[in-house]
Amino acid sequence: MQKNVGGLDEGIRITLGPLLVVLSIASLQGTVRLRPAVTAGALAVGAVLTVTGLTQTCPGNEAMGRDTYRPSENLSEQARAVRERALQ
């Protein structure tokens, strides 16, 4: 599968995904009160968002014909350096 997640789309997935996973774990530990279905849903969505953001591939985007990925060759040197540091 080709990369089809990038830019703002990628940033939102990498930020929101882990937050949902942490919220779910907090709910499972009893720190936060959520209904079991909400906890399971947040965990599933958070895991999917995290994985699709990190791999930059999303089957849903492909099915909709959506592509927000831009190869790093088109980025400036400064933007490429920031991207590389963030991915390490």
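Quickly work out the Glu77-to-Thr57 label distance, labels modelled 7 Å from Cα along the C-beta direction, and quote it in nm with one decimal.
Distance between label points: 3.3 nm.
Tell me, what is the FRET efficiency for Ala44 and Ile12 to the nearest 0.05, using R0 = 22 angstrom and their Cβ-Cβ distance as r?
Taking R0 as 22 Å, the efficiency between Ala44 and Ile12 is 0.80.
Percent of accessible area on the chain owned by carbon and sulfur, 1.4 Å probe? The partial results should precede the final answer.
Numbers: 3860 of 6130 Å².
Of all accessible area on the chain, carbon and sulfur atoms account for 63 percent.
Is it possible to state the helix-based mean residue ellipticity at 222 nm for the chain, with each DSSP H run of 4+ residues giving -39500 (n - 2.57), the sum divided by total residues, to the nearest 500 deg cm²/dmol? What is it?
-22500 deg cm²/dmol
What is the mean projected area of the alpha carbon convex hull for segment 21-71, to one decimal in square nanometres?
Seen from a random direction, the Cα hull of segment 21-71 projects 4.3 nm² on average.
Please calculate how many Å² of accessible area segment 13-58 carries per residue, with a 1.4 Å probe and no DNA, RNA or ligand atoms counted. Numbers along the way, then the final one.
Numbers: 2820 Å² over 46 residues.
I get 61 Å² per residue for segment 13-58.
Given the chain, report the % of alpha carbon pairs whose separation exceeds 22 Å.
Distances greater than 22 Å cover 38 percent of the Cα pairs.
Quickly work out the Val22-to-Glu84 label distance, labels modelled 7 Å from Cα along the C-beta direction, and quote it in nm with one decimal.
2.8 nm
The values are calculated or read from the model by the stated rules, or taken from the named source; none is laboratory data. Remember, it's a predicted structure, so these values are computed and weren't measured experimentally. As a convention, Cβ positions derive from the backbone with ideal geometry for all residues, glycine included, and neighbour counts pool all protein chains shown. Ligands, DNA and RNA are stripped out before the accessible areas are found, and what is left, the full protein with its side chains, is counted by its heavy atoms. Shrake-Rupley method; radii C 1.70, N 1.55, O 1.52, S 1.80 Å.
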